[in-house]
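Data first, discussion second: the structure below is written as structure tokens.
The values are calculated or read from the model by the stated rules, or taken from the named source; none is laboratory data. Because the structure is predicted, anything quoted here is derived from the model rather than measured. Here the Cβ positions follow ideal geometry from the backbone for every residue, glycine too, while neighbour counts run over all protein chains shown.
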Amino acid sequence: MITIPPPDYVPAHGLLKGKSVLITAAAGGGIGFATAKRCLEEGCRALLLSDIHPRRTDEAVQALRKEFPEQPVFGCVGNVAVEDDVQNLIDTAEDQLGGVDVLINNAGLGGSKRVVDMSDEDWLKVIDVTLNGTFRMTRAMLKKMQPRGRGAIVNNASVLGWRAQKEQAHYAAAKAGVMALTRCSALEAAEFGIRINAVSPSIVFHDHLRKSAPEALLNELASREAFGRGAEAWEIANIMVFLASDYSSYLVGEVISASSQRS
């Protein structure tokens, strides 16, 4: 099978110049951190990243501050499954960023388990972080954005919201819920000049995924893609930045499928 390598890293075009950005689950080496870096490259005036891991959050903030010394970068530890943490995160971001222009809901939780072996705890934990967490963040952020009459929210969904895969019932159900939440909340938010959209990636290779899934399965999933490879995290970040920017000004409630899968 032929594998087409990733293209060269795309240069910035100032898509987020003058905008402030809040990103959840942005520590580590996955989509969240790649998106945080891309937002700074695209000229955002200030950024706050959040994660549940204090050490990783601090490391991510320090790395971005070193690379982008002219742009304010802040961190805030929080769990989107805890309402008090969500309120603290939103209030902190509003204060430190001087108002949030863009919210990127990246937090999610996966795992592999067959339905017959899945406990209520297994099911509810994934739903609470991935779907309920996106809902909590969206609800809290809309209360701040609506009076201002502007803003953009970008959700991270998954092609599993459309496709079937064994041992992924909880995650797929949560991501399908994120898609539905995106579409419905977007109609309400549009009345206030706020856009809500989502990106739906297929397989994206990063360290956390490699630790959480068997290598044979990852290779099989990658082989189904038209390019013969998984996406780079920055390729998904590019789509998130597009949805956050004014280039997507007429997109409302859309879920963009970021996949080259053939079957």
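Some observations on this one:
- Among residues of the range 174-198 that are over 23 Å from A81 (Cα atoms), those with a Cβ under 9 angstrom from a residue that is at pLDDT 95 or above and hydroxyl-bearing (S, T, Y), sequence gap 6+ or separate chain, pair up as R195/S248; R195/S249; R195/Y250.
- Residue in the range 147-160 that is of a type outside the set (A, V, I, L, M), touching a Gly at 6+ places or on another chain (Cβ under 6 Å) and over 27 Å from N219 (Cβ atoms) present: yes
Here is a yes/no grid of residues against (1) at pLDDT 95 or above; (2) buried (at least 20 other Cβ atoms within 10 Å of the Cβ); (3) in contact with an Asp or Glu (Cβ under 8 Å, 6 or more places away or on another chain); (4) assigned to a helix (DSSP H, G or I):
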{"residue": "L40", "(1), (2), (3), (4)": "yes, yes, yes, yes"}
{"residue": "L47", "(1), (2), (3), (4)": "yes, yes, no, no"}
{"residue": "E59", "(1), (2), (3), (4)": "yes, no, no, yes"}
{"residue": "Q62", "(1), (2), (3), (4)": "yes, no, no, yes"}
{"residue": "R65", "(1), (2), (3), (4)": "yes, no, no, yes"}
{"residue": "Q71", "(1), (2), (3), (4)": "yes, no, no, no"}
{"residue": "D84", "(1), (2), (3), (4)": "yes, no, no, yes"}
{"residue": "T92", "(1), (2), (3), (4)": "yes, no, no, yes"}
{"residue": "V100", "(1), (2), (3), (4)": "yes, yes, yes, no"}
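- Scanning the range 187-208 for residues that are within 18 Å of the chain's Cα centre (by Cα), surrounded by fewer than 22 Cβ atoms within 10 Å (Cβ to Cβ) and among the small types (G, A, S) yields a single hit, S202.
- Selection within the range 11-32: residues that are out of contact with any helix residue (DSSP H, G or I) (no Cβ under 6 Å at 6 or more places or on another chain) and not basic (K, R). The member of this set that is farthest from P201 (Cα to Cα) is G18.
- Looking only at residues of the range 218-252 that are outside any helix (DSSP H, G or I) and of a type in the set (A, V, I, L, M, F, W, C), we find that the one that is surrounded by the fewest Cβ atoms within 10 Å (Cβ to Cβ) is A226.
- Filter pass, R136 being surrounded by fewer than 18 Cβ atoms within 10 Å (Cβ to Cβ), modelled with pLDDT of 95 or more and assigned to a helix (DSSP H, G or I): no
- Test: residue in the range 9-25 that is in a helix (DSSP H, G or I) and either closer than 19 Å to I236 by Cα or out of contact with any Asp or Glu (no Cβ under 8 Å at 6 or more places or on another chain) (or both): no
- Residue within the range 211-232 that is at pLDDT 95 or above, under 22 Å from P5 (Cα atoms) and small (G, A, S) present: no
- Take the conditions (1) assigned to a helix (DSSP H, G or I); (2) in contact with a Lys or Arg (Cβ under 8 Å, 6 or more places away or on another chain); (3) closer than 25 Å to K19 by Cα; I153 misses just one of them, which is (1).
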